[in-house]
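A short worksheet on the structure shown next.
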């Protein structure tokens, strides 16, 4: 996994394309239609995703079909898994702290203060 994965996914349109491709492969035109983008914009975003290794384009007659590549997503999951214990420990500490706070009074102040 490399920083290109994060850079590619940081753009909201590219993230939406990846989410769409999770369902099934789509042609460039289908992606453009589903996301309300122009075809040149869609092609540009797909080039970035291909460059990051997240998507593979397959020519099919006069269309190009975009497919997700599973390996980069497995690599991303492996990387995130290494941080999961840290996050869980910090969230447990936050939960412990929040449990030490007095409960809020659910009764509203009649003076609005």
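The values are calculated or read from the model by the stated rules, or taken from the named source; none is laboratory data. Keep in mind the model is a prediction, meaning the values are calculated, not measured. Here Cβ is always computed from backbone atoms with ideal geometry, including for glycine, and neighbour counts include all displayed protein chains.
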_Looking at the structure I just gave you, is residue 8 within 22 Å of residue 78 (Cα to Cα) and in contact with a helix residue (DSSP H, G or I) (Cβ under 6 Å, 6 or more places away or on another chain)?_
yes
Residue 104 vs (1) surrounded by 10 or more Cβ atoms within 10 Å (Cβ to Cβ); (2) more than 19 Å from the chain's Cα centre (by Cα): all pass except (1)
Notebook entry, point to check: With respect to residue 91, is the statement that it is in contact with a helix residue (DSSP H, G or I) (Cβ under 9 Å, 6 or more places away or on another chain) and either at pLDDT below 95 or surrounded by 13 or more Cβ atoms within 10 Å (Cβ to Cβ) (or both) true?
Noted result: no
Residues of segment 69-90 being free of Cβ contacts under 8 Å to residues at least 24 places away in the same chain and under 15 Å from residue 18 (Cβ atoms), in sequence order, are 69, 70, 71, 73, 74, 77
Discussion item. Within 19 Å of the chain's Cα centre (by Cα) and crowded, with 16+ Cβ neighbours inside 10 Å: is that true of residue 5 in this structure?
Written reply: yes
The number of residues in segment 23-68 that are surrounded by 15 or more Cβ atoms within 10 Å (Cβ to Cβ), under 15 Å from residue 9 (Cα atoms) and without any contact (Cβ under 8 Å) to a residue 24 or more places away in the chain is 1
(1) closer than 19 Å to residue 58 by Cβ; (2) at pLDDT below 95 all hold for residue 2 apart from (1)
